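Please read the structure below before turning to the comments.
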């Protein structure tokens, strides 16, 4: 019975001990879970190199992207490793929302105007979807075609379309991969034997080397290229440098054009004999 | 009979515990949508400024303690690339998702708080990226109705939290980061 009483006293004292320890206010509010957050920065640029990435322009932001591909480095000193034969593309992209982007661009390759619509359907999240899924659509207008050279040319011959699904996954802090099945259609093809409707599987990835540098690679496997087509599958290797507000992308590629239809359908360079192009993408945020 | 006694005494114990606990219950005030802004802009360069409008803060008027917690990803910049870069490369918010503060309002006299602004010194520890930094500053406190308003500011440096600013952007980011806070705490 005596022991029982001792025990009772002890039990009565428990709340005092408990109160003495319950003095850490921080613990009371430190209960926010960070588990359900979205993954960020699978890719830093809107493009991996030539392929669109799953990166979106944020709501109400305007990106101005200048892309440049010099002429083939193979020509050597004669035109200064391609300086004289450059192709430039100016591209404005606006974020209507974080998941809806519209863009308009002009490329000096075949004097091409382009309009694009990029939609994010799913975001990769911890404990959520394992992938980010984005759809990219574009319409191209080739204004370099001339009726004197191509009698019977109609307006619709200038148009091309493409639609692609971009499926990316950030595997870890440093490595992100992307798959990009693509359908594109040229109303007028550059090579006679080529079917107008074309299919491609794009693959790409980004690997961080340091906090500010990453190596990026993308490749497009054309599934129905005409047997004797002079055009090649585009393979591009580059580096991203990010400084906080900007991303600079420097790369080598065997495709000089930069729109989806044109780099997939009309890449003329060949890595095998050094016929490649040096280029860069620069972005400015407004 | 004996077991009834034990049950009864247990019941009494529970009641006594409850009574003591409620007697000792501290007066606490909390804000779950507190605002913290930090700025490290340099003139002529792009603004380096972020705002977090979902900071939690809690104040115990009894013990004069204050604590606050902010999710790093809750800090939003104008330029989303900058925000990503801040999370990924400066704070590494995947590894260190939270910033925490714990401090004491040494001279706080809760009973005397009213609509007039009182300046109360605070000293405490701010933890970011797993690194701790002592903070000493003066907070402006007033009480309007049941709401305690706390505003204030202090200065930290990236070095305080072992954040290295690379050479190429060194002149675009201020050496000193001004942190401002604005809490409206309601009784918990």
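For this structure, a couple of remarks:
- Condition met for residue B:73 (closer than 30 Å to residue A:94 by Cβ and either in contact with a helix residue (DSSP H, G or I) (Cβ under 9 Å, 6 or more places away or on another chain) or free of Cβ contacts under 8 Å to residues at least 24 places away in the same chain (or both)): yes
- Yes/no for residue A:91 being buried (at least 19 other Cβ atoms within 10 Å of the Cβ) and in contact (Cβ under 8 Å) with a residue 12 or more places away in the chain: yes
- Considering A:243, A:210, A:200, the condition of being under 23 Å from residue A:43 (Cβ atoms) and without any contact (Cβ under 8 Å) to a residue 12 or more places away in the chain is satisfied by A:210 alone.
- Wholly enclosed strands (runs of 3 or more DSSP E) of the stretch A:32-140 bearing at least 1 residues within 20 Å of residue A:205 (Cα to Cα): A:62-72, A:112-122
- Meets criteria (within 16 Å of residue B:181 (Cβ to Cβ) and free of Cβ contacts under 8 Å to residues at least 40 places away in the same chain) for residue B:142: yes
- Within the stretch B:37-54, the set of residues being within 10 Å of chain A (Cβ to nearest Cβ) and under 19 Å from the mean Cα position of the chain (by Cα) comprises B:54 only.
- Taking the criterion of being surrounded by 22 or more Cβ atoms within 10 Å (Cβ to Cβ) and within 14 Å of another protein chain (Cβ to nearest Cβ), the residues of the stretch A:246-279 that qualify are A:247, A:249.
- Any hit, the stretch B:123-138, residues being assigned to a loop (DSSP other than H, G, I, E, B), surrounded by fewer than 17 Cβ atoms within 10 Å (Cβ to Cβ) and either away from chain A (no Cβ under 14 Å) or without any contact (Cβ under 8 Å) to a residue 12 or more places away in the chain (or both): yes
Bear in mind that the values in this text are calculations on the coordinates, not laboratory data. The structure presented is a predicted model; accordingly, all values stated were derived computationally and were not measured. As a convention, Cβ positions derive from the backbone with ideal geometry for all residues, glycine included, and neighbour counts pool all protein chains shown.
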